[in-house]
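Structure, as structure tokens:
The values are calculated or read from the model by the stated rules, or taken from the named source; none is laboratory data. Here the structure is a predicted model, which is why all the values come from computation and not from measurement. Glycine also receives a Cβ, built like all others from the backbone with ideal geometry; neighbour counts cover every protein chain displayed.
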Amino acid sequence: MRIAGANVPDNKRLEIGLTYIFGVGKTRAQTILDKAGVSYDKRAKELDDKEVNTIKKLVEGYKIEGNLQREIASNIKRLVEIKCYRGLRHVKRLPVRGQKTKTNSRTRRGNVRSTAGSGRRKVEKK
């Protein structure tokens, strides 16, 4: 099943399968299924056309996939342009939400820090 440009896996429960759409988490998937009147335990391959159409209509009511990603990118761009603290953290590729960086933030920074040496250069062997 394909919804909003994302493939929903056929063999997973719909509650989990809908989370493959960017912007739909478990809670939002549950509310969509509640409004559509579909069981959480059903698989995507077990749905009939009527249920698929109601789920698609409900999902399209939210900001998802490309529109959501564009909005997030524009929010970050705005922070960078006004040169606020959060914008500068984005530019420097450092954690934005106040996390410490001495030992953590390897994902954001990359493993760039190395242990300090003695300051002497290694002697080359002849």
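Values for this structure:
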read-out	value
Candidate set: the stretch 65-114, residues that are in contact with a Leu (Cβ under 8 Å, 6 or more places away or on another chain) and in contact (Cβ under 8 Å) with a residue 12 or more places away in the chain; chosen: the one nearest to GLY25 (Cα to Cα)	ARG108
Residue list for the stretch 11-26, filter: small (Gly, Ala, Ser) and crowded, with 19+ Cβ neighbours inside 10 Å	GLY17, GLY23
Only one of GLY37, GLY17 that is at positive phi, outside the structural domain of GLN99 (by TED's automatic domain parsing) and either aromatic (Phe, Trp, Tyr) or without any contact (Cβ under 8 Å) to a residue 60 or more places away in the chain (or both)	GLY37
Residue list for the stretch 41-72, filter: among the basic types (Lys, Arg), in contact with a Lys or Arg (Cβ under 9 Å, 6 or more places away or on another chain) and assigned to a loop (DSSP other than H, G, I, E, B)	LYS42
Qualifying residue in the stretch 29-48 (condition: exposed (fewer than 13 other Cβ atoms within 10 Å of the Cβ) and touching a helix residue (DSSP H, G or I) at 6+ places or on another chain (Cβ under 7 Å))	no
Test result for GLU81, modelled with pLDDT of 90 or more, on the phi < 0 side of the Ramachandran plot, surrounded by fewer than 10 Cβ atoms within 10 Å (Cβ to Cβ) and not assigned by TED's automatic domain parsing to the domain that holds VAL24	yes
Residue selected from the stretch 8-40 under the condition in a helix (DSSP H, G or I) and in contact with a strand residue (DSSP E or B) (Cβ under 9 Å, 6 or more places away or on another chain), by the criterion nearest to GLU71 (Cα to Cα)	TYR20
